[in-house]
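Written out below as structure tokens is the structure these notes cover.
FYI, it's all coordinate maths here, none of it is from the lab. The structure presented is a predicted model; accordingly, all values stated were derived computationally and were not measured. A quick note on method: Cβ atoms are made from the backbone with ideal geometry, for glycine too, and the neighbour counts reach across all protein chains shown.
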Amino acid sequence: MKIPRHQTEEPFDLVIAGELNLDLILFGLPLVMETERDLLGTGFVSTLGSSSAIVAHNAAMLGLRVRFATLVGDDDFGRLALDRLKQAGVNTTDAIVDPSTTTGVTILLPHGAVRHSLTYLGSIAALTVEHLNRAHLAQARHFHLSSLYLQTGLHAGIVDLLRYLKSAGLSISLDSNDDPANLWGYPLYEVLPFVDVFLPNESEICRMAGGRELDEAIQQFADKVPTIVVKRGRNGCRIMQDGRIADYSGVTVNPVDTIGAGDSFDAGFLCAYLKGMDMATCARAGNISGALSTLSAGGTEAFRNRSLRESFLREHGFPLIGD
Ligand SMILES: Nc1ncnc2c1ncn2[C@@H]1O[C@H](COP(=O)(O)OP(=O)(O)OP(=O)(O)O)[C@@H](O)[C@H]1O
Ligand SMILES: [Mg+2]
């Protein structure tokens, strides 16, 4: 299956300045964990984690030309994570290896529909706008920003950077992901005026809006962003564009875990969006891509499995195939 690439002047469709770390996933641990005991898991997977990197990896696997600018420590986890991106065809020539920091890590403990998620930030919070080559970032059609409240090192210059990228003609998307402090303060409202597509999940946008119901929460952001795409797990997504709200149902699957489903949704949605497709098609591409990621542990393993990826995309009519 070959997905044709865009013929544009910019060498990249999608550029991401983001965090890069591994996810260590332990299955089968109890929800309530006693201290001073040896607790045994029933399964373990180590895989590429971090929202930004999962979007980059899976967008490349879906056929986009992707550049990823990041910062990692001079350690095995950093090298492994970078290798995974390179294997997917992501350009990582702007990755910085900084021996003074340690590559971050996330430990995930899924328990059926809920999970513990424990992160050591390390290099995740060390990336600043001074590390980024602005001219390189501008050589793309679209800039995506993830994990706003983990990438605290970017906060100082992010508004300036987005203003520059916007004036250079790039479209911009934001997946804030969660705010561990649940405060939803700076720089969310300063960043939103530059964002074309806002991609929160349902819980996030409701909490951002001070605990409102979903439609009220969407309305609260309606005059700030042209397109709001709310991810709703197995229920698919709800999208507001030009004042109209529509629901798009998800694909029915039997998930192994839903880690990275939101990031995989972003990758699929952006593929269709960057092809200029209508909102219903973008939503479908996002829902198919999100569902695919649930079929293996973590956010990228199902995309790395070529036969699974190709058969699932074909079976569900992923919109870019054969076009
Ligand atoms: N159980 C499921 N069945 C089918 N599709 C799913 C399921 N869970 C997630 N998806 C797909 O993935 C998308 C994103 O899922 P979700 O709402 O969990 O995002 P998220 O919470 O941002 O995820 P992440 O943990 O990656 O940040 C959904 O909108 C849907 O398209
Ligand atoms: Mg998310």
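Quick rundown of the values:
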| item | result |
| --- | --- |
| Nearest-20 debye value, the chain charge dipole, Cβ charges on Lys, Arg, Asp, Glu | 880 |
| Rg in Å to one decimal, and Dmax rounded to a whole Å, for the chain via C-alpha atoms | 18.4, 60 |
| Estimated FRET transfer efficiency (residue 107, residue 75; beta-carbon r; R0 25 Å; 0.05) | 0.95 |
| Evaluated over the range 177-323, the Cα radius of gyration and Dmax, each in Å | 15.3, 44 |
| Förster-model FRET efficiency, 25 Å R0, residue 159 and residue 220, C-beta, rounded to 0.05 | 0.75 |
| nm² value of the averaged projected area, convex hull over the Cα atoms of the range 1-140 | 10.7 |
| Leading residue at positive end of dipole, the chain (Cβ point charges), from 217, 279, 20 | 279 |
| Paired Rg and Dmax values of the range 157-263, which use every Cα atom, in angstrom | 14.4, 44 |
| Length added when fully stretched, residue 134-residue 31, from 0.36 nm per residue minus Cα-Cα | 32.7 nm |
| The range 40-65 residues near the modelled residue 306 label - backbone nitrogen below 16 Å, point 7 Å along Cα→Cβ | 61-63 |
